Amino acid sequence: MENLEHFLAQVWFVILALFLFLYVMLDGFDLGVGILSLTSSNEERRDILMTSLGNIWDANETWLVLMGGALFGAFPLAYGTILNALYIPIFGMIFGLIFRAVAFEFREHSTNKVFWNIAFGVGSFMAALFQGFALGSILEGIKVDESGHFIGSMWDWLDWRSLLVALTLIQGYVLIGSTYLILKTEGELQTSHYRTAKIAAWTTLIGAILITIATPVVYENARAKLFHQPEVYLFSLIPVLGVLLIGLLIQSLNRKAETTPLVWTVLLFLLTFVGLGLVVFPYIIPPGITIYQAAAAPSALVFMIIFIGFLIPIMLFYNIYNYIVFRGKVIGTHYGE
């Protein structure tokens with residue numbers, strides 16, 4: 001019975017990681033495009049950026065809702081502790097997502113679009129920033145008692161380490177947003193996003209290097225795991241692959257390729273998630289709560305797997321169908337002039 005409980009907890013850890021990866025990858029370029037919209041030089045260019053998201057952005061955010069529901073059902077202790085510890089960044093993220101959604105809809109019907117343009121960009125930036133703070137705080141560790149309940153202060157999430165993660169995540173979103181716009185635009189607008197993609201690639205690499213150096217230096221638990229034999233060989237391979245992917249990405253940008261920059265960026269995100277998952281496992285909240293301590297009853301986990309087993313293919317099909325139907329370039333009238 002104990003083996004089954006451990007297996008189910010591990011399965012749900014992988015499922016939640018999948019949901020988080022799909023959300024960050026899909027809604028990440030939404031947020032990146034929103035942040036980039038703040039730099040658009042005229043309204044027509046901004047129209048093209050917004051049009052590129054018009055039919056897909058709401059579907060991308062469903063993975064965040066699904067992840068929150070799955071965390072509540074599979075690991076209720078972790079759900080309660082995370083919400084208690086990260087109330088402010090989670091509220092800030094939700095406010096940013098709502099703000100940008102309202103701005104997106106109101107902008108379309110407004111005669112004076114300036115306020116809604118700024119609101120959409122600022123909402124996107126807020127959502128990305130607070131997501132980074134939340135991620136950084138979880139990786140850093142949440143103070144809990146022996147029962148797994150939060151015992152820290154409401155401002156524990158705010159320090160230089162979580163700020164570094166937040167700024168790096170924003171750069172990652174700008175990177176994937178830029179590579180998405182390379183695929184969806186043409187002419188001078190496409191050329192400008194080749195430039196933003198190169199800048200974001202370098203800034204993301206710098207942030208990733210700083211996080212990689214800081215993690216074993218600052219966090220004792222991570223240091224013990226990273227330098228444990230034989231895992232040290234696997235962990236040392238991840239930064240090497242990351243630098244290789246960045247190199248291939250920059251090379252594809254220099255060649256003015258349209259599709260491969262997005263492919264290399266997605267693989268870079270995937271590699272990052274694999275590395276984070278290996279560092280965190282088996283903790284759902286480092287360094288105090290493991291997935292085995294936080295897991296719900298085995299009967300609940302099995303029931304949820306049956307339900308989610310039907311839901312995941314439907315959602316994936318819907319996302320893929322969306323991208324197939326709305327593939328191709330978004331063309332404006334004068335944006336290249």
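General observations
- Of all the options GLY309, GLY123, GLY28, the one that moves most in a Gaussian network model of the chain with Cα springs shorter than 10 angstrom is GLY309.
- Distance cut-off 20 Å, percentage of C-alpha pairs in the range 243-315 lying past it: 60 percent
- Residue order by solvent-accessible surface for MET50, MET126, MET154 is MET154, MET126, MET50, largest first, with ligands and nucleic acids left out and a 1.4 Å probe.
- GNM flexibility winner over the chain from ILE170, ILE289, ILE238 (Cα, springs under 10 Å): ILE238
- Taking Cα atoms only, the orientation of helix 87-109 departs from the longest principal axis of the chain by about 20 degrees.
- Using a Förster distance of 22 Å, the FRET efficiency for SER147-TYR292 (Cβ separation, nearest 0.05): 0.90
- Gyration tensor verdict on the range 115-245 (Cα atoms; rounded if a/c is under 1.5, prolate if a/b is larger than b/c, oblate otherwise): oblate
- Using alpha-carbon coordinates, inclination of helix 43-53 to the longest axis of the chain, degrees: 40 degrees
- Pairs from the table (LYS113/LYS184; LYS143/LYS198; LYS113/LYS256) lying more than 30 angstrom apart at Cα are LYS143/LYS198; LYS113/LYS256.
- Comparing SER252, SER153, SER124 in a Gaussian network model of the chain, where Cα atoms under 10 Å apart are tied by springs, the biggest mean-square fluctuation is seen for SER153.
- A cut-off of 5 Å between modelled amide H atoms, ignoring neighbours fewer than 5 places along the same chain, links ILE284 with ILE289, THR290, ILE291.
- Projected label distance in nm at LEU158 and PHE106, using a 7 Å step from Cα toward the beta-carbon: 2.6 nm
- When only Cα pairs below 8 angstrom with a gap of at least 6 residues are kept, the chain shows a relative contact order of 26 percent.
- Chymotrypsin sites (Phe, Trp or Tyr not before Pro) restricted to DSSP loop in the range 117-163 with at most 11 other C-beta within 10 Å: TRP155
- 3J(HN,Hα) along the range 304-309: 5, 4, 4, 5, 5, x Hz, from the Karplus curve 6.51 cos²θ - 1.76 cosθ + 1.60 with θ = phi - 60°, whole Hz, x for Gly and Pro.
- Coupling constants for the range 250-256 follow from the phi torsions by the Karplus curve (6.51 cos²θ - 1.76 cosθ + 1.60, θ = phi - 60°), and in residue order they are 5, 4, 5, 5, 5, 7, 6 Hz; glycine and proline get x.
- Sequentially through the range 185-194, phi angles give Karplus couplings (6.51, -1.76, 1.60; θ = phi - 60°) of 10, 8, x, 5, 5, 4, 4, 5, 7, 4 Hz, Gly and Pro residues having no value and appearing as x.
The values are calculated or read from the model by the stated rules, or taken from the named source; none is laboratory data. On a predicted model such as this, the values are computed, not experimentally measured, just so you know. Glycine also receives a Cβ, built like all others from the backbone with ideal geometry; neighbour counts cover every protein chain displayed. For accessibility, only protein heavy atoms count, side chains too; no ligands or nucleic acids. Shrake-Rupley method; radii C 1.70, N 1.55, O 1.52, S 1.80 Å.
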